[in-house]
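To start, the structure itself, in structure tokens.
The values are calculated or read from the model by the stated rules, or taken from the named source; none is laboratory data. Just so it is clear, the structure is predicted and the values come from calculations on it, not from any experiment. No Cβ is skipped: glycine too gets one built from the backbone with ideal geometry, and neighbour counts run over all protein chains shown. Note: areas computed on protein heavy atoms with side chains; ligands, DNA, RNA excluded. Shrake-Rupley method; radii C 1.70, N 1.55, O 1.52, S 1.80 Å.
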Amino acid sequence: QVQLVESEGGLVQPGGSLRLSCVVSGTAFSIYTMGWYRQVPGKQRELVATISSRGNTIYADSVKGRFTISRDNNKNTLYLQMISLNADDSAVYYCNRAVVPTPSWGQGTQVTVSS
């Protein structure tokens, strides 16, 4: 069974930065395009960044230039470096496969941007 375990998020001041990680097990991590998603209450989950097995990245316009997705296939770990955070980035963040997400989502991690 696929397991996705996101690292702890936290409270960050506007303009601050945060790095999330996600350890993936139970699947062939290195062959999949992976993604970071986020969700706020009352809205659909949004895909904000993807990274292919070869390291090609795509970002949502809302995070382009501020977020960087990366992966370490040796550690089965996905990362999301976030800088210049603002209140609109407050959400629960999840990792999963990008094209066909596994139904077994992790618990997600709360990121709150507030002064």
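Quick notes
- Applying the set (1) open to solvent by 60 Å² or more (accessible area, probe 1.4 Å); (2) modelled with pLDDT of 95 or more; (3) not polar (S, T, N, Q) to PRO41 leaves exactly one unmet item: (2).
- Those residues of region 44-58 which are surrounded by 13 or more Cβ atoms within 10 Å (Cβ to Cβ) and either on the phi > 0 side of the Ramachandran plot or under 15 Å from the mean Cα position of the chain (by Cα) (or both), in sequence order: ARG45, GLU46, LEU47, VAL48, ALA49, THR50, ILE51, SER52, THR57, ILE58
- Top-ranked residue of region 70-115 - restricted to ones that are among the small types (Gly, Ala, Ser) and within 20 Å of ASN56 (Cα to Cα), ranked as modelled with the highest pLDDT: SER70
- All conditions but one from (1) of a type in the set (A, V, I, L, M, F, W, C); (2) touching an Asp or Glu at 6+ places or on another chain (Cβ under 7 Å); (3) open to solvent by 40 Å² or more (accessible area, probe 1.4 Å) apply to CYS22; the one that does not is (3).
- Residues of region 2-44 satisfying the condition of being basic (Lys, Arg) and either within 13 Å of VAL111 (Cβ to Cβ) or touching a Cys at 6+ places or on another chain (Cβ under 6 Å) (or both): ARG19, ARG38
- Wholly within region 29-115, strands (runs of 3 or more DSSP E) carrying at least 2 residues that are touching a residue at least 24 places away in the same chain (Cβ under 8 Å) and of a type in the set (Phe, Trp, Tyr): 34-39, 91-97
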